[in-house]
Amino acid sequence: MINCITCRTAQYFGGALSSQFRLRYRSFVDRQSWGLSVFDGMEYDCYDTPAATYLVWQDENREVRGMSRLVPTDRPYMLRDLWPESVEKITLPASLHIWEGSRFCIDKDLPQALRRRITAEIVCAYLEYALAENIETIIGIMPPLIWRSVFIKSGWEVEFLGKAAAYGGGRKNIAGQMQVSEAALHRVREVTGIRHPVLITAPFNTLQFYQERFAE
């Protein structure tokens, strides 16, 4: 299951908000040596604002082991601010109906089968959240391999918006967009085999949820 966390609902999910910052530190700073803002073992940037939504998978100890971030494009967002030249096919959006996905990461220490499951659940959660919030399109920039292995492999079609290049001086990335629809969610569920809803929002009985989820 994927917990949907905002600054308004973070109190219902224990330490998940800080835990996802720590996972990002391990994933992007420790493992990939990205030059990002850090503090006390946590990675963050200027897009971690009250407008951000975090889709997270937590283990039995409530540590975040997989996550992605979503932000609306009616305010500053990464693609427009940092790599606008990567988008050639459309006008850079500024709309509450178009959101940017970023910071997708899953703990490398998990077994491969569990990593695949978490990946599929996060993709489903993207669509469930977007449909609930009247979001029509998800945009982002990431390596072509990630687009293919995470989203395209899960059954969600991606339209690339420009050429792959080493934007920011790192490895090659490419901008893309994915259209949100009930049909897209149905296709992803068929491809991944996840037929039930995965998104959990607040408020809910947190203690009861974890007792039931991890009951032996």
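Values quoted throughout were computed directly from the atomic coordinates according to the rules given, and no laboratory measurement underlies them. Keep in mind that this is a model prediction, so the values were computed, not measured. Ideal geometry is used to build each Cβ from the backbone, glycine not excepted, and the neighbour counts take in all protein chains shown.
Values for this structure:
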| read-out | value |
| --- | --- |
| Ranked C7, C46, C124, criterion: other C-beta atoms within 10 Å, fewest first | C46, C7, C124 |
| Neighbour-count ranking [beta-carbon atoms within 10 angstrom, fewest first] of M1, M42 | M1, M42 |
| DSSP H segments from the chain that extend 18 Å or more along their own axis, Cα-based, with Kyte-Doolittle mean of -0.5 or above | 112-132 |
| Neighbour-count ranking [beta-carbon atoms within 10 angstrom, fewest first] of F104, F13, F39, F28 | F39, F28, F104, F13 |
| For Cα extents along the principal axes in Å, calculated from these coordinates, the label among [x] 49, 37, 33; [y] 51, 42, 33; [z] 67, 35, 28 | [y] |
| Computed over region 2-213: relative contact order in percent, which uses C-alpha pairs under 8 Å that are six or more apart | 21 percent |
| Whole-Hz ³J(HN,Hα) from phi, Karplus 6.51 cos²θ - 1.76 cosθ + 1.60, for region 37-54, glycine and proline x | 6, 9, 7, 6, x, 10, 9, 8, 8, 6, 9, 7, 10, x, 7, 7, 10, 10 |
| Extended-chain gain in nm, criterion 0.36 nm per residue less alpha-carbon gap, L92 and E157 | 21.4 nm |
| For the chain, calculated [θ]222 nm from helices alone, where every DSSP H run of n ≥ 4 adds -39500 (n - 2.57) | -7500 deg cm²/dmol |
| From phi via Karplus (6.51, -1.76, 1.60), per-residue ³J(HN,Hα) for region 170-176 in Hz, x at Gly/Pro | x, 6, 5, 10, 9, 7, x |
| Reach of K163 by Cα under 26 Å, taken over lysines that are not fewer than 8 positions away in the same chain | K89, K153, K172 |
| Cβ-derived FRET efficiency at R0 22 Å, R171 paired with V38, nearest 0.05 | 0.65 |
| The chain: most fluctuating residue of L199, L131, L82 per GNM, C-alpha cutoff 10 Å | L82 |
| Most mobile listed residue (T53, T201, T91) in the chain, GNM with C-alpha springs under 10 Å | T91 |
| Within a Gaussian network of the chain (alpha carbon springs, distance under 10 Å), most fluctuating of S33, S19, S86 | S33 |
